[in-house]
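Worksheet: one structure, shown below.
The values are calculated or read from the model by the stated rules, or taken from the named source; none is laboratory data. The structure presented is a predicted model; accordingly, all values stated were derived computationally and were not measured. Neighbour counts run over all protein chains shown; Cβ positions are idealised from the backbone, glycine included. Ligands, DNA and RNA are stripped out before the accessible areas are found, and what is left, the full protein with its side chains, is counted by its heavy atoms. Shrake-Rupley method; radii C 1.70, N 1.55, O 1.52, S 1.80 Å.
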Number of protein chains: 2
Amino acid sequence: MISKQEERLEKILSILKLSNPATVNKLAQLLDVSHMTIRRDVEILEKEKRVEVFHGGIMLPDSHRGENWKEYTLADATSIMCEEKKRIGLKAALMLKDNDSLILDTGSTTEYIAQSLNPQYSLSIVCFTLNALINVSKLKKSKIIFPGGYFHRNTLMFESEEGINILKKNRAAFAFVSASGISLSLGVTCSNSYERETKKTIMESSMKKVLVADSSKFDVVHSTYFAELQDFDALITDDGIPDSYRLFCKNNSIELLTV
Amino acid sequence: MISKQEERLEKILSILKLSNPATVNKLAQLLDVSHMTIRRDVEILEKEKRVEVFHGGIMLPDSHRGENWKEYTLADATSIMCEEKKRIGLKAALMLKDNDSLILDTGSTTEYIAQSLNPQYSLSIVCFTLNALINVSKLKKSKIIFPGGYFHRNTLMFESEEGINILKKNRAAFAFVSASGISLSLGVTCSNSYERETKKTIMESSMKKVLVADSSKFDVVHSTYFAELQDFDALITDDGIPDSYRLFCKNNSIELLTV
DNA sequence: AAACTAATGTTAAAATAATAACATTTTAGG
DNA sequence: CCTAAAATGTTATTATTTTAACATTAGTTT
């Protein structure tokens with residue numbers, strides 16, 4: 001025998017699937033019971049982790065929706081320089097106009113670019129990471145090229161010799177390149193040697209090369225060298241960077257955008 | 001000139017992307033403004049249909065959320081033969097043991113295979129579609145190879161000459177191949193010509209070739225021919241298939257698994 | 001810099017939601 | 001059919017959120 005309550009629990013979940021979140025009163029009205037009954041039901045569902053409750057509403061937990069991004073993102077709201085990265089990403093996206101082509105390098109900053117791209121534009125986008133791919137695949141009007149290869153779980157990057165060959169066949173108006181270290185004396189570096197060939201090829205295939213990096217990356221050196229700062233046409237960062245870099249950009253006619 | 005308010009509006013949307021829904025107070029605290037400022041901002045966003053407001057919180061409308069996982073799946077619970085496909089997918093996944101290698105073809109049935117793979121196993125997986133990739137990327141112990149290339153939005157498939165080359169470098173114990181038509185006289189067919197090269201190469205690179213297809217695909221022909229039924233070592237389907245195929249499998253020592 | 005305007009902040013009152021205690025109804029067992 | 005227990009409903013209280021009116025601050029113009 002199935003109890004009335006069990007039936008209601010399922011009905012509540014069904015309702016939530018269709019309109020998430022819902023209020024206690026709405027559920028009470030729909031199921032024709034008092035708000036306290038709904039509260040008691042919801043309490044059970046919450047203990048079983050089947051719903052999440054907050055003041056004013058009930059909703060399905062992330063895991064029961066498509067929303068469990070955490071698996072596919074490097075962009076963590078609690079991470080350092082998160083706000084700066086978001087601003088940098090937005091600034092980069094705003095450089096583009098309809099019908100532009102771009103190459104998106106790896107990293108969390110470039111993920112914010114992907115999130116900020118205008119869905120109304122018909123862009124041509126090349127990218128290399130699962131997090132970027134998931135974001136750009138939503139852009140219905142844009143053409144997506146994903147060179148692919150072997151998966152590196154920590155960076156969510158795919159890379160291969162053949163992927164490089166696909167990249168070499170393509171050209172882009174813009175390349176948005178990330179870095180984990182930028183130094184005036186030792187150049188621009190990243191953390192993983194497998195990134196090097198891709199990054200170098202990105203630079204060779206694009207017209208306007210834009211370095212995107214928050215200020216924590218400056219005067220920092222990582223293991224793998226892939227470019228000099230003067231190889232870039234523009235730099236988007238936040239205003240925490242040392243003055244020496246401002247001067248260097250001025251002297252080398254690198255467009256400096258601080259957000 | 002971009003106003004402070006416009007900046008905040010974007011920030012609010014960014015925050016919502018990462019934690020949906022959010023309360024007015026949370027936003028006020030994060031953005032370091034008063035709750036009234038947030039309210040006035042949210043009012044604007046609501047008028048522009050960019051957020052939805054309810055007593056106790058603000059959230060992104062469905063279309064702007066990660067919740068629309070429909071973007072990344074071919075497996076629609078309301079589609080025909082859905083239950084059969086799920087059972088076929090599970091049966092296929094159960095053929096595997098730890099440390100096995102496999103190639104996952106395109107389609108909704110193979111998506112169910114991806115969903116059914118054992119996360120405890122250390123598998124080596126090659127796949128070609130975004131929907132499969134999103135599922136297998138969760139398998140933390142498995143190695144993922146994604147040949148990549150040009151994106152076809154309707155099938156979520158990526159394909160390219162270079163992708164084929166990556167595939168040729170790899171071998172797998174199992175290939176799970178899908179089809180949109182199976183006929184004794186006209187062979188095994190799919191709907192898109194761009195799938196052909198990939199499918200043929202999958203067959204060449206794998207030891208045990210398993211055709212996965214629900215019974216609605218039998219005695220059906222589609223535009224692109226890529227294999228004969230006897231090229232397969234096993235067939236997983238439901239028991240709605242015509243007897244002629246049962247006989248054919250027996251005569252050609254194709255292992256027939258019905259679920 | 002003064003005056004004006006727009007934006008933001010403060011506060012208190014009103015509306016809504018959550019909680020708790022108790023009343024009523026329903027259900028199951030004898 | 002009666003009783004006890006469980007489930008549900010009612011009501012009052014408390015907590016939270018929303019609204020609205022007004023005060024303050026920041027930005028612009030002259």
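Does region A:182-259 classify as rounded, prolate or oblate by the C-alpha gyration tensor (a ≥ b ≥ c root eigenvalues; a/c under 1.5 gives rounded; else a/b over b/c gives prolate, otherwise oblate)?
oblate
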note = chain A, Gaussian network, Cα under 10 Å: of A:133, A:186, A:123, the residue fluctuating most is A:186
remark   = chain A, Gaussian network, Cα under 10 Å: of A:243, A:231, A:214, the residue fluctuating most is A:243
request  = Would you please give the FRET efficiency between residue B:204 and residue B:35, computed as 1/(1 + (r/R0)^6) with r the Cβ-Cβ distance and R0 = 41 Å, to the nearest 0.05?
outcome  = 0.05
ask   = Helix-derived [θ] at 222 nm for chain A: sum -39500 (n - 2.57) over DSSP H runs of at least 4, divide by residue count, nearest 500?
value = -10500 deg cm²/dmol
query = GNM, chain A, Cα, under 10 Å: largest mean-square fluctuation among A:30, A:104, A:90?
reply = A:30
message = Please report the net charge: other residues with Cβ closer than 12 Å to the Cβ of residue B:186, K and R +1, D and E -1.
response = -2
message = What distance in nm lies between label points placed 7 Å from Cα along the C-beta direction at residue B:186 and residue B:252?
response = 1.6
query = Looking only at other chains, what is the average number of their beta-carbon atoms within 10 angstrom of each beta-carbon in A:89-98?
reply = 1
request  = Please list, in chain and number order, the residues 5+ apart from residue A:51 or on another chain whose amide H is under 5 Å from its amide H, with Hs placed from the backbone.
outcome  = A:46
message = Suppose you put the label 7 Å out from Cα in the Cβ direction; list, shortest first and in nm with one decimal, how far residue B:99 is from each other copy's label.
response = 5.7
key: Residues with amide H under 5 Å from that of residue A:221, placed H, sequence gap 5 or more   = none
remark   = Row for region B:166-209, column shape: gyration tensor on C-alpha, a ≥ b ≥ c, rounded if a/c < 1.5 i.e. under 1.5, prolate if a/b over b/c, else oblate; value oblate
key: Binned Cα-Cα distances of the protein assembly as shown, short to long, each 10 Å bin given as a whole percent   = 4, 17, 24, 23, 19, 10, 3, 0, 0
query = Relative to the other copies, what are the label-point distances for residue B:250, with labels 7 Å from Cα along the C-beta vector, expressed in nm at one decimal and sorted shortest first?
reply = 8.8
Separation between Cα centres of region A:243-258 and region A:12-56, rounded to whole Å = 56
task = Let me have the relative contact order for chain B, percent, based on Cα pairs under 8 Å that are six or more residues apart.
result = 14
inquiry  = Assume the label is 7 Å from Cα along Cα to beta carbon: what separations in nm does residue B:153 have to the matching positions in the other copies?
reply    = 3.3
query = Where Rh denotes the Kirkwood radius from the mean inverse Cα pair distance, what is Rg over Rh for chain B?
reply = 1.14
query = Taking the convex hull of the alpha carbon atoms in region A:4-64, what volume per residue do you get, in Å³?
reply = 72
query = Simple spin-label model, 7 Å along Cα-to-Cβ: residue B:220 to residue A:150 in nm?
reply = 3.9
query = Where both partners of a DSSP beta bridge lie in the protein assembly as shown, what percent of those bridges are antiparallel, to the nearest 5?
reply = 40
ask   = Ranked from the most accessible area to the least, with a 1.4 Å probe and all protein chains present, what is the order of A:84, B:204, A:43?
value = B:204, A:43, A:84
